[in-house]
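Take a look at the structure set out below.
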Amino acid sequence: MATLKSSYESIARGRHGDPFKILGPHSAIKNWTVRSFQPQAQAVELVDDNDELLIKMRSVHEDGLFEAKLPLPVAGYRLRLYENDHCYTLDDPYRFKSPFGDLDRHLMREGKLRNLADKLGAHVIEIDDVKGVHFA
């Protein structure tokens, strides 16, 4: 199993096979961890739906990987990025579960995944009132 440090390196180099396993929210025994890869940002914060600060994320990799630990899960958080003289807020695409699930991967490996074109490529989707594009 890869170490967290090697996973950070893979994310930073664009070579990680499943970034959903590292980025976004993850539960642990005593807390929740949220990670985000923002190579252009000098600082990143988690904010709630009202744009109120939840927690400042700390840098865990020099190439732009940030992390925050929280005592409870946070639904609907957003990311506030500070980049040079700019500040902006965006939805974290990794806070949503991947539409391409474990069963899809299993069936694809077996050559039994039907409607492959409906799963692979770019597809406009909406999850929790957030519009975006899923790409697999």
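The values are calculated or read from the model by the stated rules, or taken from the named source; none is laboratory data. Quick caveat: nothing in here was measured; it's all calculated off a predicted structure. Don't worry about glycine lacking a Cβ; one is built from the backbone with ideal geometry, like all the others, and counts go over all protein chains shown.
Before we move on, is Val124 loosely packed, with under 11 Cβ neighbours inside 10 Å, farther than 17 Å from Phe20 by Cα and in contact with a strand residue (DSSP E or B) (Cβ under 7 Å, 6 or more places away or on another chain)?
Judged against the criteria, Val124 is a match.
Quick one: Tyr82 ticks every box in (1) surrounded by fewer than 18 Cβ atoms within 10 Å (Cβ to Cβ); (2) assigned to a strand (DSSP E or B); (3) free of Cβ contacts under 8 Å to residues at least 40 places away in the same chain except a single one, so which number is it?
Against the list (1) surrounded by fewer than 18 Cβ atoms within 10 Å (Cβ to Cβ); (2) assigned to a strand (DSSP E or B); (3) free of Cβ contacts under 8 Å to residues at least 40 places away in the same chain, Tyr82 comes up short only on (3).
Return yes or no: is Glu9 surrounded by fewer than 10 Cβ atoms within 10 Å (Cβ to Cβ), farther than 22 Å from Val133 by Cβ, out of contact with any helix residue (DSSP H, G or I) (no Cβ under 6 Å at 6 or more places or on another chain) and acidic (Asp, Glu)?
So Glu9 fails the test.
Pick from the stretch 23-37 the residues that are over 13 Å from the mean Cα position of the chain (by Cα) and in a loop (DSSP other than H, G, I, E, B): which of them is nearest to Asn84 (Cα to Cα)?
Asn31
Tally up the residues in the stretch 85-109 that are touching a residue at least 40 places away in the same chain (Cβ under 8 Å), among the basic types (Lys, Arg) and surrounded by 12 or more Cβ atoms within 10 Å (Cβ to Cβ), please.
1
Provide a single number: the residues in the stretch 38-75 that are among the polar types (S, T, N, Q), touching a Phe, Trp or Tyr at 6+ places or on another chain (Cβ under 8 Å) and in a loop (DSSP other than H, G, I, E, B).
Residues that pass the stated criteria total 2.
Is at least one residue of the stretch 78-96 within 22 Å of Val130 (Cβ to Cβ) and at pLDDT below 85?
So far as the stretch 78-96 goes, yes, one or more of its residues are within 22 Å of Val130 (Cβ to Cβ) and at pLDDT below 85.
Of the conditions (1) touching a residue at least 24 places away in the same chain (Cβ under 8 Å); (2) more than 15 Å from the chain's Cα centre (by Cα), Glu45 fails just one. Which one is it?
If we test Glu45 against (1) touching a residue at least 24 places away in the same chain (Cβ under 8 Å); (2) more than 15 Å from the chain's Cα centre (by Cα), just (2) comes out false.
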